[in-house]
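In what follows, a single structure is set out as structure tokens and then discussed.
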Amino acid sequence: MLALLGLLAAMPIAILPASASEVPAAAVSEAQAALGRALPAPFEAARLDLRMLQEHLAAAGPGCRVAPACVCAAAPFEAGVRALDLEVSKLSERAWAADLKLVAPCEDQILDRRASVVEAGAAALARFVSEAAEQMLRGRDLGPLRYAAAPTPAPEPRAVALSEAAEAYQRGLAYLDRSAYSAAEQSLTHAIDLSPGYATAFAARGKARLFLEQTSPALEDFRRARELDAALSFPVYGLAEAHRRLGDRAAAIRFFEAYLGMTAAPDNSADLRRAASLWIQSLRKPE
């Protein structure tokens with residue numbers, strides 16, 4: 001009887017705050033909630049001070065999430081803790097890259113992982129995390145088995161590539177934040193090599209190349225980003241800035257004006273709108 005009660009005892013799983021890039025916060029919150037509901041018995045979501053945990057992880061820097069040992073120290077967690085770590089990023093208007101990891105932070109191990117490209121939407125993301133969590137946790141409460149279970153099918157190469165592309169993209173953004181533009185360009189190029197349709201990676205690489213004074217390559221990146229996802233506004237601003245640097249005043253004004261008209265775009269920025277207005281005024285002045 002005691003052994004049975006031991007098997008039925010709740011086993012807490014830490015659900016880390018999701019890491020998201022250009023995905024609506026409401027969809028991420030819904031996925032987090034779905035993750036907690038999907039935990040198979042006897043697992044249950046550990047009680048965490050999520051606000052404090054988020055602050056600690058943010059202070060540790062974006063690179064911390066790719067190193068379980070860093071998560072252990074930042075939280076901090078105790079040895080033996082198991083955690084689910086969700087990362088989701090926008091690939092296009094129609095698709096998001098989702099990556100869910102089961103980690104042992106203080107043992108610096110990724111125990112299991114599911115990655116997929118899902119339809120852009122809260123319902124599809126919630127469905128993916130629910131199914132992935134159950135697949136990864138089912139049977140883990142039983143400990144080592146005498147007879148090995150059937151091996152988990154390896155993820156499809158495309159899903160793996162897209163997951164790696166999302167990681168490379170996040171590294172690129174982190175390098176941009178630290179003004180490490182050459183490293184950012186390399187990481188973003190890797191993301192593009194893995195996922196040639198990664199619109200936001202093209203836009204971010206264009207930004208890095210502008211800082212590296214590689215204006216013509218940056219222009220081509222912004223053009224490609226716009227071709228892949230016309231709903232993004234930053235590539236339009238990038239085109240304006242690249243044309244300005246290349247001395248094409250008319251094209252620069254046209255794209256700055258286009259950016260001002262894209263206020264509904266999710267990546268449109270009030271600061272860049274002010275900058276665009278000032279550049280339009282400056283460029284219209286006689287030389």
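Only the coordinates and a few stated rules stand behind these numbers; no lab work does. Quantities reported herein were computed from a predicted structural model and do not represent experimental measurements. As a convention, Cβ positions derive from the backbone with ideal geometry for all residues, glycine included, and neighbour counts pool all protein chains shown.
Summary table
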| item | result |
| --- | --- |
| Cross-link partners of residue 90 among lysines (Cα-Cα below 27 Å; sequence separation of 8 or more within a chain) | 101, 207 |
| Calculated from backbone phi, Karplus (6.51, -1.76, 1.60) coupling profile of region 64-76 in Hz, x at Gly/Pro | 5, 5, 8, 10, x, 5, 5, 4, 4, 6, 6, 4, x |
| Helix 25-38 vs. the chain, principal-axis angle (Cα, 0 to 90°, nearest 10) | 10 |
| Label-to-label distance, nm, for residues given as residue 213 and residue 277 (7 Å Cα→Cβ offset) | 3.2 |
| Computed E for residue 122/residue 44 - FRET, C-beta separation, R0 22 angstrom, nearest 0.05 | 0.40 |
| Sites residue 138 and residue 69, calculated FRET efficiency, Cβ-Cβ separation with R0 30 Å, nearest 0.05 | 0.70 |
| Among 225, 118, 170 the positive-end extreme of the charge dipole of the chain (Cβ point charges) | 225 |
| Förster-model FRET efficiency, 35 Å R0, residue 257 and residue 26, C-beta, rounded to 0.05 | 0.65 |
| Helix 157-177 axis, angle to the chain major axis (alpha carbon atoms, nearest 10°) | 60 |
| DSSP-defined beta bridges in the chain - what % are antiparallel, rounded to 5 | 70 |
| Where labels lie 7 Å past Cα in the beta-carbon direction, separation of residue 249 and residue 56 in nm | 5.7 |
| Helix 270-284 axis, angle to the chain major axis (alpha carbon atoms, nearest 10°) | 20 |
| Binned Cα-Cα distance frequencies in the chain - 5 Å width, integer % | 1, 5, 11, 14, 16, 14, 11, 9, 7, 5, 3, 2, 1, 1, 0, 0, 0, 0 |
| Built amide H within the under 5 Å cut-off of residue 15, gap 5+ | 46, 84 |
| Over region 173-278, equivalent-ellipsoid semi-axes from the Cα gyration tensor in Å | 21, 15, 13 |
| Estimated vicinal HN-Hα couplings, Hz - region 222-234 in sequence order (Karplus 6.51, -1.76, 1.60; Gly, Pro = x) | 5, 4, 5, 4, 5, 5, 6, 8, 5, 6, 6, 9, 4 |
| Other-chain or far-sequence residues with amide H under 5 Å of residue 112's (modelled H) | 102 |
| Helix-only mean residue ellipticity at 222 nm for the chain, each DSSP H run of n ≥ 4 adding -39500 (n - 2.57), per residue, nearest 500 | -17000 deg cm²/dmol |
| For region 10-139: rounded, prolate or oblate by the Cα gyration tensor [a/c cutoff 1.5] | oblate |
